[in-house]
Structures are given as structure tokens and as C-alpha cells.
1. Students often forget the sequence filter, so: which aspartates and glutamates lie under 20 Å Cα-Cα from LYS138 once same-chain residues fewer than 8 apart are removed?
2. If I ignore ligands, DNA and RNA and count only protein heavy atoms, how much of ASP16 is accessible to a 1.4 Å probe, in Å² to the nearest 10?
3. To the nearest Å, what is the center-to-center distance of region 99-135 and region 171-227, using C-alpha atoms only?
4. In percent, how large is the relative contact order of the chain, given Cα pairs closer than 8 Å and 6 or more residues apart?
5. Just to check I understand the Karplus step: with θ = phi - 60° and J = 6.51 cos²θ - 1.76 cosθ + 1.60, what whole-Hz values come out for region 62-68, glycine and proline as x?
6. Within region 33-81, list the trypsin sites (Lys or Arg not before Pro) lying in a DSSP loop whose Cβ has at most 15 other Cβ atoms in a 10 Å radius.
7. Of the candidates VAL130, VAL183, VAL152, which one comes out as most mobile in a Gaussian network treatment of the chain with C-alpha springs shorter than 10 Å?
8. Extension gain ASP204-THR123, at 0.36 nm per residue separation less the Cα-Cα distance, in nm?
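The values are calculated or read from the model by the stated rules, or taken from the named source; none is laboratory data. Computed from a prediction, not measured in an experiment: that's the story for all the values here. Virtual Cβ from ideal backbone geometry, glycine too; neighbours counted across all protein chains shown. The area values use the complete protein model at the heavy-atom level, side chains included, leaving out ligands, DNA and RNA. Shrake-Rupley method; radii C 1.70, N 1.55, O 1.52, S 1.80 Å.
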Amino acid sequence: MSTTPAGTAYSDAARDHLWMHFTRHSVFEDPGNGGLGQSVPIITRGQGHRIWDSNGKEYIDGLAGLFVVNAGHGRTEIAEAMARQASELAFFPLWSYAHPRAIELAERLAAGAPGDLNRVFFTTGGGEAVETAWKLAKQYFKLTGKPTKHKVISRSIAYHGTPQGALSITGIPGAKEMFEPLVPGAFKVPNTNIYRAPEHLRDDEKAFGRWAADRIAEAIEFEGPETVAAVFLEPV
Ligand SMILES: Cc1ncc(COP(=O)(O)O)c(C=O)c1O
């Protein structure tokens, strides 16, 4: 691979200017600088579920980006649709105005949603969606005469994102400690990983499931049902 437009080797520019998410940067620093001198791995292309790095090494993109290229890489029909849309209308916020693609997608999602769920609020990602869901629950109870319902219950170990509200709901202490105090009112119940279940429940999935569900009921009762606005049931 050649150099960046500024004439720098890509791995050097990545090491010096890119602040990567969930990444220990010290391994990329020179040993003289206290690092390990490793090169930043650079993914340059993808096709279907396969991706290749700048050295030509092939990988399986098992995470599908971060669950955002579930249809696979290199799909020309998607690229063409994106190009058509960008030349027709590059972007428009859904603030008082709508646009055709948002309307079409909302209608399609509503048709597939369970029960009487029929309205879609678009966000830019998972963490923002989690924040929004908690805010919606709080607002709903404020507007319906139950203003003390503001707490949220989620599972230990479960990951819900990095913004302050979503991080409060996230159940990974190590991911939170540098940013505390976070948004108050987030409580945790045990995770549903049976491998870590109490010993007497490890061989009985149903009993473990009932036990885990009972912990949610217990937390709601302990905190006070009149104070709990939402329960997030993501296990991981
Ligand atoms: C269950 C769950 N919630 C929220 C998030 C956060 O999503 P995002 O990274 O798009 O903010 C993730 C991301 O992995 C997730 O797995």
C-alpha cells in the first residue's frame, strides 16, 4: 500500500493520529517509547464475509463490521443504491421534516415489529438507541403521572454501549470505572450465562432460567415497582 495523501506510511499515520476504540495503543509505540513496536493492522477490502489486510492476509469478518455489514462486503447493489441516494439527497435530519427513505424503512420495520409496535425512532447506533429507550421510558412515565418511575435494570456483564446513560446500563465494571459517577438509577441482576450459574443450577437450564427471571422480579420489588421504568434483557 502506498502512502497517505500527506505522504506518510499508513501504519505510521495510524499510530500517530488515529485514536482507536477499545484499543491499547502502547503496543504500536516504538520500544524506545515504551511500546512493542507492532504495526496497526489495516483492513483494506472485503468481499462477502471475507476481508483482507494491507499485507494481503485474509480473515473471516465474523463480527460483520460491528454488526453493520450483515449483508456482506462488496455488495454492488448496495453501493449503487447508496450512490443514487447520495446524489438525490445526501442527508436530511428527521426534525419536523421527513424524507422518502426514512418513511419507507419505518413502514417496513413497523410491519415486521411484534404486537402493536408501529412507530420507529431512528438513531445512529446501539448506544444511542439504548440511551433513547431509557429516556423514552422516563418521559413516558413523567407524562402519564408516574414521575418516580425512572430506574433501569439490566444484567451484569451485558454490554449496552459507551455514552454515559448506556454505560450506566452496561454491566462491565472495568469499562465504567474511569467514567464514574455515571447516570444514577441503573441496577444490575445476574447474567444468564449458565457456565457461571450457581453450582446447583448448572445442569438445569430451565431451573436456571427461572432463577435468573426471579432475580429480575426481586430487583423490581426491592427497588420498588413505582420507581422502575425499564428492564434491559440483553445477556451480552
Ligand atoms: C447489545 C448491544 N447494545 C448496544 C451496543 C452499542 O452499540 P454501538 O456500538 O452501535 O453504540 C452494542 C454494541 O456492540 C451491543 O452489542
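1. Once the sequence-local aspartates and glutamates are set aside, what remains near LYS138 is GLU128, GLU221, GLU223, GLU226, GLU234.
2. Its heavy atoms expose roughly 90 Å² to the probe.
3. Here the two parts' Cα centres lie 27 Å apart.
4. Details: 268 pairs, mean separation 29.2, N = 236.
Relative contact order here is 12 percent.
5. Once rounded to whole Hz, the list reads x, 8, 6, x, 10, 6, 10.
6. Details: sites: ARG45, ARG50, LYS57, ARG75; in loops: LYS57, ARG75.
Sites meeting the loop and neighbour criteria: LYS57, ARG75.
7. The residue that fluctuates most here is VAL183.
8. Working: separation 81, 0.36 × 81 = 29.16 nm, distance 3.89 nm.
The ASP204-THR123 span can extend by a further 25.3 nm.
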